[in-house]
Amino acid sequence: MRNLVIIALSLLQLWLIGCATTYNSQDFESAISNRSKLTLMCEKGASGACALLGQTVQAGQPMAIMQGLTNRHQARFVVTSPNSVGNPFYFFTSPENLRRIEASRTTTPEHSGFNIDQFEITDLKPGVKYQLLAIGSHGQLLDQREFGALDTQKANARFTVASCMDDSKEALQKEMWAQVLASKPDVIFLIGDNTYTDIGLGRTASLNEIWTRHYEARMRLDLFKAKTLIPVLATWDDHDYG
């Protein structure tokens, strides 16, 4: 009897997974211009739709997100995530706007286990707080971050310079980035050895090893997990190249 119950529960779980609502980009495109449709999606359990409506939602799959080159009116982003995330839909919201963002996917080595998406957001204004949201194919909120434009005309701007970021020193990295993020710099300069691609090898890293180590570092460093993104400008040094 007990075995029958276990089998029945397993079949029910498979049925529920199979019945999970799947959304495509057109579903969200039409919903963001129709609040009632977005509300209906939220009521059906699409947490991403709830987040787009301004509700507080727990993100289910935090990614590694970097806000890159940024000025007063536009910003570039790089999102690193495991293959299990699939192909997210990206949106950004402002006090008066909600818009879907088209991302381009970088080709990564076969069987790498991760994906890299890149996109640019324009028509920004200094001093305005924006939200970046990543939503999965079942409507679930994967990740959500706050960001802003970089006021290049600001007097007394604050910046951080960092290098030699050995992510194997996890406790030190967490302490360091907690201090940096708490200081709220306007921009961060990463001036080399941002990833130790050759750590523990005793030789030059292969291309696949370089890709993997950059992915691992992005996923580990708290800089790329920050709830409020800070523009990052970076260059490489010898360890970044392997």
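If a residue must be modelled with pLDDT under 90 and farther than 18 Å from Val161 by Cα, how many such residues does segment 217-242 contain? Qualifying residue count for the region: 2.
Looking only at residues of segment 22-59 that are open to solvent by less than 90 Å² (accessible area, probe 1.4 Å), modelled with pLDDT under 80 and among the polar types (S, T, N, Q), we find that the one that is nearest to Arg145 (Cα to Cα) is Ser25.
Taking every residue in segment 214-242 that is surrounded by fewer than 15 Cβ atoms within 10 Å (Cβ to Cβ) and pairing it with any residue that is not acidic (Asp, Glu) and not in a loop (DSSP other than H, G, I, E, B), at least 6 positions away or on another chain, the pairs with Cβ-Cβ distances below 6 Å are Leu233/Phe189. Residues in segment 125-142 that are farther than 14 Å from Thr70 by Cα and outside any loop (DSSP other than H, G, I, E, B) were compared, and the one that is most open to solvent (accessible area, probe 1.4 Å) is Gln131. Of the residues making up segment 143-187, those that are surrounded by 17 or more Cβ atoms within 10 Å (Cβ to Cβ), in contact with a Lys or Arg (Cβ under 7 Å, 6 or more places away or on another chain) and of a type in the set (S, T, N, Q) number 0.
The values are calculated or read from the model by the stated rules, or taken from the named source; none is laboratory data. These numbers were taken from a predicted model, which means no experiment stands behind them. Cβ: placed from backbone, ideal geometry, glycine included. Neighbour counts: every protein chain shown. To get the accessible areas, we keep the full protein, side chains included, count just its heavy atoms, and leave off ligands, DNA and RNA. Shrake-Rupley method; radii C 1.70, N 1.55, O 1.52, S 1.80 Å.
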